[in-house]
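The values are calculated or read from the model by the stated rules, or taken from the named source; none is laboratory data. Values in this document were obtained by computation on a predicted structure and should not be read as measured data. Because the Cβ atoms are built from the backbone with ideal geometry, glycine has one as well, and the counts that use them run over all protein chains shown. Just the protein is used for accessible areas: all its heavy atoms, side chains included, with ligands, DNA and RNA removed. Shrake-Rupley method; radii C 1.70, N 1.55, O 1.52, S 1.80 Å.
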Amino acid sequence: KMQRFLASSRVANFLAGSNLISFRLINLFHLLMLVVTLSHIMACAAGLVAKVESPIANTWVWVWATETERVNQDQCRQQGVIDGWLSEGEELFENAAHWQGCYSASRLYSAALYWAGKSLTSTGHGDIVPTNNTEQSACVIAMLIGGGIWAYAIGSICALANRQTARV
């Protein structure tokens, strides 16, 4: 909504014409909002892809939960039995995206947003990786779209910087 508000020509012309905010700053804010919005969409897609996988599928969430978050599977199993989403003798799902109460949703979103930011800016470290074909396909699509948006943002920033130095 904020990007749509600032994108309206009357508001942008008023701000740029009144010398309150330069047109370059408005453009930089638009680029920032574009990158943040795309990162959010990519993070939500990463969580969704893991959630729609079968409960017995191996996903990036299991690797993240057991290695990064150090979720103890025995404690998680006990908590699942107590909370009623897991039967007494039932095995814990391999797909940690289906675990309930073992980690917070905000920590999972934070990890997915971390992956999205790394993938979007092409700095990927390999600590959160796709582990099955569905995740790999979704990552390829996300990287292609993200790479194009990132190239557009960098190109626009360079064009803005070039215009500024040309006038000085």
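When restricted to residues that are free of Cβ contacts under 8 Å to residues at least 60 places away in the same chain and surrounded by 15 or more Cβ atoms within 10 Å (Cβ to Cβ), segment 95-113 contains 8. Taking the criterion of being without any contact (Cβ under 8 Å) to a residue 12 or more places away in the chain and small (Gly, Ala, Ser), the residues of segment 114-139 that qualify are 124, 126, 137. Within segment 53-69, the residues that satisfy the criterion of being open to solvent by 70 Å² or more (accessible area, probe 1.4 Å) and free of Cβ contacts under 8 Å to residues at least 40 places away in the same chain are 56, 67.
What number of residues in segment 27-81 are closer than 20 Å to residue 109 by Cα, among the polar types (S, T, N, Q) and touching a Gly at 6+ places or on another chain (Cβ under 7 Å)? The number of residues fulfilling the criteria is 1.
Here residue 93 fulfils each of the conditions (1) of a type in the set (A, V, I, L, M, F, W, C); (2) assigned to a loop (DSSP other than H, G, I, E, B); (3) touching a helix residue (DSSP H, G or I) at 6+ places or on another chain (Cβ under 7 Å) apart from (3).
Residues of segment 1-52 being β-branched (Val, Ile, Thr) and either at pLDDT below 75 or open to solvent by less than 40 Å² (accessible area, probe 1.4 Å) (or both), which ones? 11, 21, 26, 35, 49, listed by residue number. Can you name the residue in segment 114-168 that is aromatic (Phe, Trp, Tyr) and open to solvent by 50 Å² or more (accessible area, probe 1.4 Å) and, of all such residues, is farthest from residue 95 (Cα to Cα)? It comes out as 152. Tell me, yes or no, whether segment 70-92 has at least one residue that is under 17 Å from the mean Cα position of the chain (by Cα) and either in contact (Cβ under 8 Å) with a residue 24 or more places away in the chain or within 23 Å of residue 34 (Cα to Cα) (or both). Looking for residues that are under 17 Å from the mean Cα position of the chain (by Cα) and either in contact (Cβ under 8 Å) with a residue 24 or more places away in the chain or within 23 Å of residue 34 (Cα to Cα) (or both), one finds none in segment 70-92, hence no.
Filtered by the rule that a residue be part of a helix (DSSP H, G or I) and touching a helix residue (DSSP H, G or I) at 6+ places or on another chain (Cβ under 7 Å), segment 96-119 gives 96, 97, 108, 109, 111, 112, 113, 115, 116, 117, 119.
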